[in-house]
Amino acid sequence: MEQAILGGGCFWCLEPVFRALRGVSDVRPGFCGGHVDHPSYEQVCRQDTGHVEVVQLDFDPRQLSYETLLQVFFGTHDPTTPDRQGHDVGPQYASVIFYLNDAQRQMAEQVRAAAQAHFDAPICTRIEAAGPFWPAEALHQDYYRRNPQQGYCQFVISPKMAKFRRHYAQLLRPDA
């Protein structure tokens, strides 16, 4: 198994996307890139810890390559809006790939460069060495599955998931 840490807006939106992929065994919403140990969601929302909302995921590279994972990442959020995804605005919503080794850094740079052809505006996704990952509180774990009737889930995540399922059907788990 390998790990990846990706930030592309609200972790509530990222988690169900990556959880649905064949080869991904676990997805954990949390925070990375800041200067405070064990930050809370409330602290990160104050925008003074330096953290980004991310998902840390475990995946089997024999079933799903890191390259494909990054292609899905770029295809399921807007990497051209600095510190913003839709109505979610702030540095905690930055588009960031936190690499865990040099091979991941190199692949992230390659995939980001190739993804630029699909966007009219410049991609602003940062590529940074991963610092400590801090899991978000239990209420943020598996949020979409546990709260399908919540407004944000219905009006933001559900349409995103429908589009994701159409575009990446060949990569989905049988139960997704």
Please work out which residue is farthest from GLN3 (Cα to Cα), limiting yourself to segment 96-123 and to residues that are small (Gly, Ala, Ser) and surrounded by 16 or more Cβ atoms within 10 Å (Cβ to Cβ). ALA115
Can you pull out every residue in segment 124-155 that is in a helix (DSSP H, G or I), of a type outside the set (Ser, Thr, Tyr) and open to solvent by less than 60 Å² (accessible area, probe 1.4 Å)? HIS140, GLY151, CYS153
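Output the residues belonging to segment 125-138 that are under 20 Å from VAL17 (Cβ atoms) and touching a residue at least 40 places away in the same chain (Cβ under 8 Å).
Scanning segment 125-138 gives THR125, ALA130, PHE133, PRO135, ALA136.
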Which count do you get for residues in segment 29-44 that are in contact with a helix residue (DSSP H, G or I) (Cβ under 9 Å, 6 or more places away or on another chain) and surrounded by fewer than 19 Cβ atoms within 10 Å (Cβ to Cβ)? 2
Within segment 62-73, does at least one residue satisfy the condition of being among the polar types (S, T, N, Q), modelled with pLDDT of 95 or more, within 16 Å of ALA176 (Cβ to Cβ) and open to solvent by 40 Å² or more (accessible area, probe 1.4 Å)? yes
Failed condition for TYR168, given (1) crowded, with 17+ Cβ neighbours inside 10 Å; (2) closer than 21 Å to ARG46 by Cβ, with all others met? (2)
Please go through (1) of a type in the set (A, V, I, L, M); (2) farther than 30 Å from ARG46 by Cβ; (3) assigned to a loop (DSSP other than H, G, I, E, B); (4) modelled with pLDDT of 95 or more for ALA176 and return the number of the only condition it doesn't satisfy. (4)
Taking GLN47 as meeting all but one of (1) open to solvent by 50 Å² or more (accessible area, probe 1.4 Å); (2) within 22 Å of PRO135 (Cβ to Cβ); (3) touching a residue at least 60 places away in the same chain (Cβ under 8 Å); (4) touching a helix residue (DSSP H, G or I) at 6+ places or on another chain (Cβ under 8 Å), write down the number of the exception. (3)
Give segment 116-164 a look and list any residue that's among the aliphatic types (A, V, I, L, M) and within 16 Å of the chain's Cα centre (by Cα), or say none. ILE123, ILE127, ALA129, ALA130, ALA136, VAL156, ILE157, MET161
Out of the helices (runs of 4 or more DSSP H) lying entirely within segment 1-94, which hold 3 or more residues that are within 11 Å of the chain's Cα centre (by Cα)? 11-19, 66-75
Any idea which of PHE98, PHE18 is aromatic (Phe, Trp, Tyr) and closer than 19 Å to TYR168 by Cα? PHE18
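The values are calculated or read from the model by the stated rules, or taken from the named source; none is laboratory data. Fair warning: this is a prediction, and the values are worked out from it, not measured in the lab. Every residue, glycine among them, receives a Cβ derived from its backbone with ideal geometry; neighbour counts consider all protein chains shown. Just the protein is used for accessible areas: all its heavy atoms, side chains included, with ligands, DNA and RNA removed. Shrake-Rupley method; radii C 1.70, N 1.55, O 1.52, S 1.80 Å.
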